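This report concerns only the one structure given below.
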Amino acid sequence: MLRWTIAVLLAANSLYFAWTQGHLAAIGFPPTSEPREPQRLTQQIAPENVRLLNGPRGAEPPTAPAPAPESAVPAHPPVAAAPAAVEAPPPTAPAALAATPAAATPAAANEPRACWQASGFSPEQAELLRAELRLLGLGGGDWQLTETRSPGRWIVYMGRYDSAEQASRKKAELRAMGVEFRDVNTNGLAPGIALGTFSSEEAASEGLQLAERRNVRTARVVQERAESLSYSLRLPAIGETVRARIEALGPAMAGRSLQRCN
C-alpha cells in the first residue's frame with residue numbers, strides 16, 4: 001500500500017511540473033501564469049520611456065516634444081500686464097538716522113573734534129546706550145563706558161523728628177555736650193541728625209558705642225545709602241554731527257546731555 005502511495009505522489013508531482021513548464025499546452029492544458037505569455041507585451045504602457053539609470057551613456061532614446069496642433073496655438077497670444085511698481089515710503093527721520101553710520105558723510109569727517117562725556121547711567125541704561133552707539137557706526141575706540149561702584153554708607157543717626165523745631169532743640173543739646181553732627185536730608189530719614197558717617201556697618205557700630213560713652217542715648221545705626229553701580233560715557237574725539245546724533249538717542253541717553261570733558 002505504501003508503495004502505491006509513493007508512486008501516486010511521484011506521478012502527481014511529475015504532472016504538475018510538466019504543466020507549469022508548458023509541456024501540457026499541446027493537449028489543451030496551458031499554465032495559468034505563463035512568464036513567456038505574449039499577451040504580457042500588449043499590457044505594457046509606454047515601453048519606449050523606460051531607461052536604465054545605471055546603463056551606458058547615450059543609451060537613452062532621444063525624445064522630442066510632440067508638436068502642438070495649429071488650432072491650439074492662438075494667433076495673437078495675450079500680453080500679460082506688467083505689475084505696477086510700488087514706491088516704498090521714505091524712511092522716517094529716526095530710522096534713517098539709525099541706519100546711517102556716524103562718520104559716513106565727508107562733512108562729519110572734516111569737523112573739528114572735541115571730548116564729551118555724560119555720567120550717572122544705570123546698568124540697564126548703559127546696555128541700551130552701548131547698543132545704540134554701535135548702530136550709529138561708532139567703533140570701540142570712539143567711546144568708553146566706565147563703571148563706577150559707590151560703596152554703601154552708614155551713619156549714627158538720631159531722628160526722625162516730627163518738626164524742624166524738635167530737631168533744633170536736639171542740636172542745641174548736642175552742642176552743649178560737645179558732640180559734632182550734621183543734618184540728614186535723605187528721603188525717609190529727614191529731618192534727622194547724623195553723629196558720624198562710616199563706610200561699613202561695623203565701623204558705624206563702633207561710632208555708636210563712642211557716642212553712648214558721651215551720654216547720647218537715642219542714637220542708632222542706619223544705612224543712609226546702599227551700594228550702587230553706575231556708568232560714565234566718554235567720547236574722546238567727536239564732531240558736532242556725531243554729538244547731535246548721540247544726544248538724539250532718546251531713552252538711551254536717559255534725558256542726559258553731553259558735557260565737555262574736564
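Say whether the condition of being among the small types (Gly, Ala, Ser) and in contact with a Leu (Cβ under 6 Å, 6 or more places away or on another chain) is met by at least one residue in the stretch 150-160.
No, the stretch 150-160 contains no residue that is among the small types (Gly, Ala, Ser) and in contact with a Leu (Cβ under 6 Å, 6 or more places away or on another chain).
List the strands (runs of 3 or more DSSP E) inside the stretch 158-254, counting only whole elements, that have at least 1 residues being open to solvent by 20 Å² or more (accessible area, probe 1.4 Å), in contact (Cβ under 8 Å) with a residue 12 or more places away in the chain and touching a Cys at 6+ places or on another chain (Cβ under 7 Å).
228-238
With (1) more than 60 Å from the chain's Cα centre (by Cα); (2) modelled with pLDDT under 75; (3) on the phi < 0 side of the Ramachandran plot as the list, and Arg3 as the residue in question, which single condition is left unmet?
In the conditions (1) more than 60 Å from the chain's Cα centre (by Cα); (2) modelled with pLDDT under 75; (3) on the phi < 0 side of the Ramachandran plot, Arg3 misses (2) alone.
Inspect the stretch 141-159 for any residue being within 30 Å of Gly255 (Cα to Cα) and among the hydrophobic types (A, V, I, L, M, F, W, C) and give the result as yes or no.
At the first step, the residues of the stretch 141-159 found to be within 30 Å of Gly255 (Cα to Cα) are 141-153.
Cutting the leftovers down to among the hydrophobic types (A, V, I, L, M, F, W, C) gives us 143, 145.
Taking every residue of the stretch 141-159 in turn, at least one turns out to be within 30 Å of Gly255 (Cα to Cα) and among the hydrophobic types (A, V, I, L, M, F, W, C).
The values are calculated or read from the model by the stated rules, or taken from the named source; none is laboratory data. Quantities reported herein were computed from a predicted structural model and do not represent experimental measurements. Backbone-built Cβ (ideal geometry, glycine too); neighbour counts: all protein chains shown. We work out accessible area using only protein heavy atoms, side chains counted, and drop any ligands, DNA or RNA first. Shrake-Rupley method; radii C 1.70, N 1.55, O 1.52, S 1.80 Å.
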